[in-house]
Every structure is written in C-alpha cells, then in structure tokens.
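Nothing in this text is a laboratory measurement; each read-out follows from the coordinates by a stated rule. It should be emphasised that the depicted structure is a prediction, and the values quoted were computed from it without experimental measurement. Heads up, the Cβs are rebuilt from the backbone with ideal geometry, glycines too, and the neighbour counts pull from every protein chain shown.
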Amino acid sequence: MQRIGVFVCWCGSNIAGTVDVQAVSEALKNEPGVVFSTNYQYMCSQAGQDIIKNAIKEHKLTGMVVCSCSPRMHEATFRKTAAAAGLNSYMVEIANIREQCSWVHKDMQIGTEKAIILGKAAIAKVNLNAPLVPGESPVTKRALVIGGGIAGIQTALDIAEAGFPVDIVETKPTIGGKMAQLDKTFPTLDCAACILTPKMVDVAQNENIRIFSYSEVTEVKGFVGNFDVKIKKKARYVKEDVCTGCGLCTEKCPQKKVPNEFNLGMDNRRAIYIPFAQAVPKVATIDPNACNMLKNGKCGVCAKVCAAGAIDYKQQDEIIEEKYGAIVAATGFNPISMDKFDEYAYNQSKDVITSLEFERLTNAAGPSAGKLIRPSDGKHPHTIVFVQCVGSRCAACAEKGKEYCSKICCMYTAKHAMLTRDKYPDTEVYVFYIDVRTPGKNFDEFYRRAVEEYGVHYIKGMVGKVAPEGDKLMVQASDLLANKQLHIAADLVVLAAAIEPDKSARPLATMLTASMDTNDFFTEAHPKLRPVESPTAGIFLSGACQGPKDIPETVSQASAAAAKVIGLLCKDKLTGNPCVAHSNELMCNGCSSCERVCPYGAITYIDKEFRMPDRTTRVRRVASVNPAVCQGCGACTVACPSGAMDLNGFASKQIMAEVDAICK
Amino acid sequence: MNKETENLRKEIVRISGVNPVKCMRCGKCSATCPAYDEMEYHPHQFVYMVESGDIEPLLNSKSLYQCLTCFACVDRCPRGVEPAKLVEAVRLAAVRKQGANHLKADDIPALLDEDLPQQAIVSAFRKYSK
Amino acid sequence: MQVKGEYKPLIVAFCCNWCSYAGADLAGNNRLNYPDNVKIIKVPCSCRVNPMFVLRAFQRGADGVILCGCHPGDCHYTSGNYYTRRRMALLFSMLNYLGIEKERTRVEWVSAAEGAKFAATMNEFTEAVAALGENKRLEDLRCKK
C-alpha cells in the first residue's frame, strides 16, 4: 500500500475563488492510501515546497498528489521538489483543478465537487504508480553526414567547428552536389562556384572532417548516441592518397565517348575522369563500365602515364565500420525525368532542355564554355521559351509528375530569363507561368526586375504542345489574360522540371527507420517546432531531402541540424524518458503487431530462453523495447493482442483506475 | 447562384463526373486544344464558367459543337479535371432541354470539310444525332 | 453550469498531452465555460486509448466518451492519431451495434491553440449526450456503490 500525501493549492484566489480548498483536502483525506492532506496558498512557492518536503520526510510518503494548476505548468517543479526530499519524481501526480476546474466553472459547489473527483482520480493513479528511473546511455562523439551537397557541407563544417569529428559520405566521386553544377544563384546573382568551392576546400582542410567520396552507407544499426554504421567505399581503381589530381590520365585515356554526367550528358568525358576542376577530393576515378582495361584487360594507358603510380586496377570495394552518435540525412534532390512529357518533345529535339541543362549551358565551365547556344546546331538562339511547373503541381497522374510545388523553379527561371536578356539583349524571352511564387527576401523584387528592367515576357498560361518544325520549335500555348492561343516559333525551349528526392533516400530511410512521406521526402519530428529532426531520435535532416528548398533555406536548415547534432554530442550521457513501453515477456507471443505500429522502430524481437515447469528450457521470440529509442506514445500497447505491452507512467491499470474514480 | 442554375450545375457535374473545383487555372487545356481558334468559349473557360455557375452562355454557344472530343485536354491536364468531358456534359444538358439543340443531323453535311478524317465524321454523327 | 435537460450526463474525455490537453488548458486560461460533467484524463497520445478504456467507462456508468487528439498530420508521434481514427471508427460502430448510440462517442481533433473549439465541442457533445438520456445499455450496476 502506498503512503500518499495530498497537497491542495489555493493559487491565491485563482483556485480558492471557486473551489473550497479546505473541503477538498478534507474529502481526499479518506481516500485509499492517503496518509496526509493539506492545503496552502501557493504550493509552488518556496514555503509551499517546504511543506511538501517536510511532509514527505515526516510521513514517509511513497507518493503524492498536488491539486493545483496544469501539469504543463508546474509538474516539473513538483517532481524536483519530490526528488529533493528523496521521493522518486515519477511518484508525483497532478490534479489539474485550475485550468480544468476553477477557471471554467463559476459555482463554488460545482467547482468543489469536480475538484474532489479530479483529486480522487489522481490518487487512484498514484496508488498504482511505480518508481521510475530514467535509463542512461553513452554518446559516441562523432557525427555522420550522408550527402555531400551544400546541405551536407554546411552541416559538417558547423559540427566540425564545434570540435566534433564528422564523416561525410557521398556517392559521387566529389562533394559539391547540385550547387556545383549551377552558374549563378538568385537573388543576388553570386557565382555558385565562387561561394561553394571555398567551402569545399574548408571541408577538405578541416582536421575534424573525413570525406568518404564514391561511397555509400550500407547498414545502420543501433540507436541515438550509439549508431553502428557500415560504409561501402566503392573501388575507384585509383589510390586516393597517392593521386595528385594532375589530370594527365584524363587527357591520355583513349576512351573518349563516355557521356559526362556532370554536364548532364551534353558532352563527353574519358573513362578515367575528375568530374570538374575544383573537385574535392581532387582524385581521378575510373568508370568500370567504360574502361577497356577493366572490361577486357586491353589498355593500361593511365597506369603508364601516372607519374605518381596511383592507378590500381585490382582495387576492391572496401567496407568501413564506424560508430556515430548522430546521423544527418542530406541526400538532396534530382530533377524528375522528362520521358513521360511527350507534349514538350524533350526526347525528340535536342533544343528542348531542362533548367539544369540550361544552367550547364550558361556556366563558363560547362560544355559550351558559357556561350548560350542551341545544343543541336551550336547556333545562338533568338527566341527562348521557358515553361514553368513541368511536372510540379501535377495531381492527375502520379507516375508522370509531382503533386507538390517544387518551390525553386519560379526564381531560377526568373534568373535564367534575366541573365539571358542581360547577356544577349537581341533574344526574345517568354516565360509561361501558372502563378509566380516568390516568397523570399528580395525574391519578388528580383522577379519584377526581370519583367520591368529586362523586358522578359511573362505570360499567364501554359504550353500545350512543342513540335519541332525544321530547325524551329513550334510552341503552342495559351495566354489566359488575353484569352488567346499563341503560336511561337522558338529556337530553344527550357523546361522547369519538378524536383524529387534522390532515389537513395528511400532505402536510406529504411535503414535509419526514419519516416518518409508519400513523395519520399523525410518527415520531420514536428512540422513547425522540430523541423530539422526526424521523429527517430538521433537522426537529423538537412536540405532538400526534407522538402524542396533553395540555397539560403538549405544552408539555414543545415546549420540548424548541425546545432541540434552539437547539442546531442555535447552530452556525455543521454538521459531517457522513463515513460516508455515495455513488454511482459511471459505474455508476449512475438506476433510483430507492436513492431508494425511503432513509428520509431524501437521494438525488436529477441529469442529468449524460458524455463518450463518441468525444468526444460524453451526458446521463444519476444518483443523487446529499446528505451533509448521509444518516445512513449503508447500505440503498441493498444495494438498488442495479448496485452503484453504496457506503458510506464500511463499503464492500462492506472488509466482504468482513473476512469473508475471519475465514474464513481 | 439561383436554385435553377445550381441544379443545372450539379446535373452537369453529375453527368460528366468532373469536379471543376480541382482546376488550378493553368490554361494547359486551352494551350493544347486544336480547335481553340474555332471556339467562342475555350476549354479553360468552360471549366471556370461551370464552376462559377455562368452556364447559360455556354448552353447557347456554338463552342459546344466545335469541341472535337479529341481528349487532348483530358490527357494533358495536370490536375485531372478532364475539360472535354465537361464540354460534353454541357452539350448533353443543352440537348436535354427540348429544342435547345440548335444543330440537327441534317445540317451536318453542309458543314463538312473535305479533309475531315472519317473518324471525325462518324464521331460527329454520333454526337449530333442523339 | 447546469446543462439543459433533466439530468447531468457524465462525460469522460481522453486528451492527448501535446495538443488537446493544452487546448483544454487554453480554454481554462481564457475562462471559457464548459459543463463540469466533463472530466479529462491525460494520455500521452490519443493512440494510447485502448478500446478497453472506453468500454470500462461505459461499464462504470459514463454517458459519453470523447477522445481528443492532434489534427491529422500534426501528431507529436507522427502517426498516432491515424491509429486512433481507425480503431475508434471500428469500436464506435461496434458500440452502436450494441446499443450505445453513436452520438455518445466521438473523436475530435483539437490543437493546442483551439481553446475555443475545445469548450464549444464539450458544450455541444454534452448537449447531444444529454438529449439521449442516461446510458443504461452497458452499465454494470454491480460496479456502482
């Protein structure tokens, strides 16, 4: 039997005005388990807390109920008070007789009656409370950032700056991501390379950062503070520590006809290549699908010309195992495939390009050295049509487009249009839009400048058909404001393709047990209040893997994620929430119902030996909850068909006792 | 919107199975329409006018019979609104009003174009001779 | 505050800790009245509410049971309220079959900012339950003192 103390607070006149506190403390005195009951003007004051502490010691209390304001207000206060007097803090329950009683009712009698019932319910619950001790787990002071784009770079730099070691895992041979492919950045028109490459160099030079390029995460085990990760370092057939990045091999390689993915296939690279001049790490990589030496053993030119002797045709994939305290997903985005949009003739004409291809065409380091030309014949285009929302906001069929707004297209199209008019004033530029969405600092001003100063023709309407005719592209479009159908003979058509999460995100989310939405974007723990954390503890989100984002937003989210990681890694030990689920192994059938509803992947199954009455042992599969991962929602407790799952602090018996007390 | 229009609107929505509220006003239907220049009211206007209950002008418009029912707009609409089905439903609503169908099957031969594909002629007869 | 009708129905309200319990607190902060026969039980998430609790409440003589959780998509635990929605849809239809009218049971989404909605919901729900009269169908008189 518990020894319970009841403390009724007046809260000045806030409670005492509509509740007869004396009557409440008298009425609760005779409840089962109650050995002490009192009331005081302000329980949360120093004097009030002293009353509680003395009562705990004097009456050897094993539990206490405070009838006061909402637990959201002072539960933590009274728990600390109890702990200071040597009572387990989870033996404290609050009866909310202010917000949910005295403040909603005006009649003294009604208020008092309700306060007594609420007090009884709390007492009934405390009678079944058990002392809880929060678990502790150590923290590995190392972070893993998956993805080496601007999001991953910023997150890694910020974490490393705080003094913690960070590893970046990037699938491509170099870090830099999509931003490295861009020409200029809106709304200030800085050159993307000028602001990105110094950061890439910082990453390379930072002692706390290791880069695993041309690598991928293959296995993640463990939980917050203690992740065990396997990273596969794919064979690049070049010794990373020996290669000087001189680039001689890439000039001599005889295999010249490999589509260059960095320029989106608009020109060719060699079988051994460095993606771009400022690549980090600046190390050559051999493409095993194109290299003659690797395919049929006939060549070996690169090994001959390499003065450093870095080429190693026998290199194997390497598995690296490392422990991490926190993992940041920064897998980024890709433009969607244009194959299904045959109305825009993307596959019929080389002169219909996506915006990212346009970006490469205008980039000084791109396939045309920055000269805006038609990819088909190299001529200068005089009429350019930009089409917005290609595949974005497309709810009609899922395999074609995306239902969401890709967010960045309005701004980069305005940028492309403006830069084109600035460099080539003889070019006519048309932009077809549904809505122009520019909600950012200096964004709308930027778009208006494109229209007002640079004379870009913005037309409210959509392009319905693009048909190659001779060397022209016949664009059929609607102008909704003029209520006309337009026919424009264009030289170049640029499609603002929707963006989608990188394909690697889905398998990664499965490994991390991080949840995803239907579009394969990572879900945040709370859409407003915890936007950079995954609901899975210890997993953080950075950049476009969480939703479409422009560079300023990506960088701010990257830094925010870093701050959260640093906050976690600073701790020596993690104190868990003891109100977590636990399963009664004797009742558990190992049916997996609980595992399926757990949003955090906190439940695993173990084979456990049980002693039978006849002294034999039997092995059974039973659920086991990891208290460091469980957040205590209780979904599993209801899903469990045998009633083996229960929640500490909110046990089924406790809640039923409350129901009974209320319904008496 | 008065009761009569509201009922008419509901009837058209019911016949067509099209929810005009889904339209996000991008105009791709009109951009893709091959009969655009022939029509007084264009596909996007059909959607908007049915949505806002401005149906009377549509019932009296020749545009009803100029839609080729080629379904290009249905195929291209990013929101799945299916304007051609809506045009068809408005046309049916006009046909169901006795005497409102101002084009008769006998009038069609005079309107025929030599270059008109056979399929279009058959579809036109099907369409006008209900 | 006396509810219209002959008697005061007993309402048990399960509120999730993150949205609805805070919404109920806000109703109190704003001094919005709702019937005193509504008694709130705090649960971490609406998905913690076992159908057993609802049955127990009716068995012990409650006249109405209402579950309040975060709005769909806003659940603190990502998906808890979706489970609640599905489980309770099944439970309530079964209760309806057993003769507990569906007006006596409800799932409502109340965010932490919706104090007014909480009070209005409770007023409306209590009135609806009061109109039905006492719950006799599942009440176990042996449990009454």
**Asked** Which FRET efficiency, nearest 0.05, do A:Cys194 and B:Asp54 yield, Cβ-Cβ r, R0 51 Å?
**Response** 0.40
**Request:** Quick one: divide the alpha-carbon radius of gyration of chain B by 2.2 N^0.38 Å and tell me what you get.
**Result:** 1.03
**Request:** Would you kindly calculate the translational diffusion coefficient of segment A:335-499, applying Stokes-Einstein with the Kirkwood radius from alpha carbon pairs, for 37 °C and a viscosity of 0.692 mPa s, and quote it in µm² s⁻¹ without decimals?
**Result:** 207
**Item:** For A:Ile209, residues with placed amide H under 5 Å, excluding near neighbours
**Value:** A:Val166
**Complete:** Note to self, chain A gives a 222 nm [θ] from helices alone (DSSP H runs n ≥ 4, -39500 (n - 2.57) apiece, / all residues, nearest 500) of -8000 deg cm²/dmol
**Prompt:** Can you list, bin by bin at 5 Å, the percent of alpha carbon pairs in segment A:552-603, starting at 0?
**Reply:** 4, 14, 13, 13, 15, 12, 13, 9, 4, 2, 1
**Message:** Over all directions, the average projected area of the alpha-carbon convex hull for chain C comes to how many nm²?
**Reply:** 8.2
**Message:** Distance between the C-alpha centers of segment C:16-95 and segment A:478-501? Whole Å please.
**Reply:** 50
**Message:** Semi-axes of the equivalent ellipsoid for segment A:581-648, please: Cα gyration tensor eigenvalues, times 5, square-rooted, ordered largest first, whole Å.
**Reply:** 23, 11, 10
**Item:** Student exercise, segment C:17-145 dipole from Lys, Arg, Asp, Glu Cβ charges, in Debye to nearest 20
**Value:** 540
**Request:** Calculate the all-directions average of the projected area of segment A:256-406's alpha-carbon convex hull, and give it in nm².
**Result:** 14.0
**Asked** Which net charge results for the neighbourhood of A:Arg618, defined as the other residues with beta-carbon distances under 9 angstrom from its beta-carbon, given Lys and Arg at +1 and Asp and Glu at -1?
**Response** +1
**Fill in**
Note on segment A:4-126: the mean projected area of its alpha-carbon convex hull, in nm², is 6.1
**Asked** Which of these, C:Pro44, C:Pro35, C:Pro72, has the largest mean-square fluctuation under a Gaussian network model of chain C (Cα springs below 10 Å)?
**Response** C:Pro72
**Complete:** Here Rg/Rh (Cα, Kirkwood) for the protein assembly as shown equals 1.05
**Message:** Past 19 Å, Cα to Cα: identify those pairs from A:Lys106/C:Lys8; A:Lys350/A:Lys415; A:Lys120/C:Lys42, in the order given.
**Reply:** A:Lys350/A:Lys415
**Request:** Report, in whole Å, the centroid distance computed from the Cα atoms of segment A:138-170 and segment A:391-443.
**Result:** 33
**Asked** What FRET efficiency comes out for the pair A:Ala84/A:Ala395, r = Cβ-Cβ distance, R0 = 56 Å, nearest 0.05?
**Response** 0.45
**Kirkwood-Stokes translational diffusion coefficient of segment A:464-504, alpha-carbon pairs, 20 °C, 1.002 mPa s, µm²/s** = 175
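Can you give the net charge of the other residues whose Cβ lies under 11 Å from the Cβ of C:Phe125, counting K and R as +1 and D and E as -1? Please report the intermediate quantities before stating the final value.
Details: positive: C:Arg104, C:Arg106; negative: C:Asp63, C:Glu103, C:Glu108, C:Glu124, C:Glu127.
Computed value for this residue: -3.
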**Request:** Quick one: what are the phi-derived ³J(HN,Hα) couplings along segment C:49-65, Karplus 6.51/-1.76/1.60 with θ = phi - 60°, whole Hz, x for glycine and proline?
**Result:** 6, 6, x, 4, 5, 5, 4, 4, 4, 5, 5, 8, x, 5, 9, x, 10
**Complete:** For segment A:397-517, whose charge dipole is built from +1 on Lys and Arg Cβ atoms and -1 on Asp and Glu Cβ atoms, the candidate among A:Ile434, A:Met511, A:Gln476 with its Cα farthest towards the positive end is A:Met511
**Request:** Normalising by the residue count of segment C:32-133, find the relative contact order in percent from Cα pairs under 8 Å and 6+ residues apart.
**Result:** 36
**Fill in**
Among A:Ser215, A:Gly366, A:Met64, the residue whose Cα sits farthest towards the positive end of the charge dipole of the protein assembly as shown (+1 at Cβ of Lys and Arg, -1 at Cβ of Asp and Glu, taken about the Cα centre) is A:Met64
**Request:** Compare C:Ile41, C:Ile66, C:Ile100 in a GNM of chain C, Cα atoms joined below 10 Å, and give the one with the largest fluctuation.
**Result:** C:Ile41
**Fill in**
Net charge near A:Ala544 (other residues with Cβ under 10 Å of its Cβ; Lys, Arg +1; Asp, Glu -1) is -1
**Relative contact order of segment A:276-387, pairs being alpha-carbon contacts under 8 Å that are 6 or more residues apart, as %** = 9
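Starting from the exponent 0.38 and prefactor 2.2 Å, build the expected Rg for segment A:448-544 from its residue count and divide its actual Cα Rg by it.
On the way: Rg = 21.4 Å, N = 97, 2.2 N^0.38 = 12.5 Å.
Relative to the rule-of-thumb radius for its length, segment A:448-544 sits at 1.71.
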**Fill in**
Length-normalised contact order of chain A, Cα under 8 Å, at least 6 apart, in percent, tallies to 13
**Fill in**
With N residues in segment A:235-310, Rg(alpha-carbon) / (2.2 N^0.38 Å) equals 1.02
**Message:** Just to be sure I understand: of the beta bridges DSSP finds with both ends in chain A, what percent are antiparallel, rounded to 5?
**Reply:** 55
